[in-house]
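Presented below is the structure to which this report refers.
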Amino acid sequence: MKLITFLHENVEKVGVLAADETAVAPLPFPDMNTLIESGNLSAAQAAESVPLSEVTLLAPIPHPRQDVICLGINYRSHAAEAEQYSDAFKKERPIPIYFSKRVTEAVAPGGFIESHPGLVERLDYEAELAVIIGKKARNVPAEEAERYIFGYTVLNDVSARVLQTSHKQWYFGKGLDGFTPMGPCITTADEIAFPPRLAITCRVNGELRQDSTTDLLLTGIPEIIAELSSGMTLLPGTIIATGTPAGVGMGFDPPRFLKSGDSVECRIEGIGTLQNTVR
């Protein structure tokens, strides 16, 4: 099923999308984190459906309880373009690059990517498959990782390339307000074959920039969950952004960064399209 967070009559609710995605049936949970933590979605009784045209869509998890865990340089094609742009992205060892992304409030589908004039130069986009952890995970073997996944969503890992490279670490350049668009929904894990092999694309002002599949990860989802959980506890609702394929703005010659007014559409097969505008 596809789950969304939305506003209806000025009240935040969570619900299940109808098969034709024209209506949503509210569920008896105050927010998505509570729903995930309950671990009992099948027992929830949906209320009468509301036309989607009457609600305002929010990010599926508007206020993550913890920073988003991200994978850097996790597609071979992106690794090549990143190294060409700057030595700061060179991977000296074939091990995963993990970093965290500060998210005070995730940007809703249709919402604005903040350009932060005067602070940010070289604003970039990154379409990513995000994994949502469904239950407390610690010391999870790779072969059991699938059991700990609640679902998947689309995440745009917006990046300020100058801040990212000049600070020699990525937290500030990745974690500014308005830098985490997410949505349009969470597709539950039972709807997607594991490990996911889904088409992933990004278009800027309608032009195709990124075009790949999610099975090309250098470090796969089972290995990510196994390694992270070997030393830290992953709580229900934890969001893991798995990395982006080639085609980001810094990968072009000359680079093609975002500017105010640009429309960015990140799409993943089986989940949907996340559209946002740069402000």
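Below is a table of values for the structure above.
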{"read-out": "Crossing angle, helix 76-85 versus the chain [Cα axis fit, 0-90 degrees, rounded to tens]", "value": "50 degrees"}
{"read-out": "Close Lys-Lys pairs in the chain, where close means Cα under 27 Å and separation is 8 or more or interchain", "value": "23"}
{"read-out": "Label point distance in nm, Phe112-Asn40, each placed 7 Å from Cα along Cα→Cβ", "value": "4.2 nm"}
{"read-out": "Relative contact order of region 120-160, pairs being alpha-carbon contacts under 8 Å that are 6 or more residues apart, as %", "value": "61 percent"}
{"read-out": "Nonlocal amide H pairs with Cys185, under 5 Å, H built at 1.01 Å", "value": "Val154"}
{"read-out": "Counted charge near Pro184, where neighbours are those whose Cβ lies closer than 14 Å (Asp, Glu -1; Lys, Arg +1)", "value": "-1"}
{"read-out": "Per-peptide average of other Cβ atoms within 10 Å, ordering 58-71, 21-34, 116-129 highest first", "value": "58-71, 116-129, 21-34"}
{"read-out": "Global geometry of region 1-56, whether rounded, prolate or oblate, following the gyration tensor of its Cα atoms and the 1.5 cut on a/c", "value": "oblate"}
{"read-out": "Whole-number percent relative contact order across the chain, with pairs defined as alpha carbons under 8 Å at least 6 apart", "value": "25 percent"}
{"read-out": "MRE, 222 nm, helices only [DSSP H, n ≥ 4, -39500 (n - 2.57), over the chain, to nearest 500]", "value": "-3500 deg cm²/dmol"}
{"read-out": "Heavy-atom SASA rank of Phe112, Phe257 (probe 1.4 Å, accessible area, largest first)", "value": "Phe112, Phe257"}
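The values are calculated or read from the model by the stated rules, or taken from the named source; none is laboratory data. Model, not experiment: these values are computed from the prediction. Cβ: placed from backbone, ideal geometry, glycine included. Neighbour counts: every protein chain shown. We work out accessible area using only protein heavy atoms, side chains counted, and drop any ligands, DNA or RNA first. Shrake-Rupley method; radii C 1.70, N 1.55, O 1.52, S 1.80 Å.
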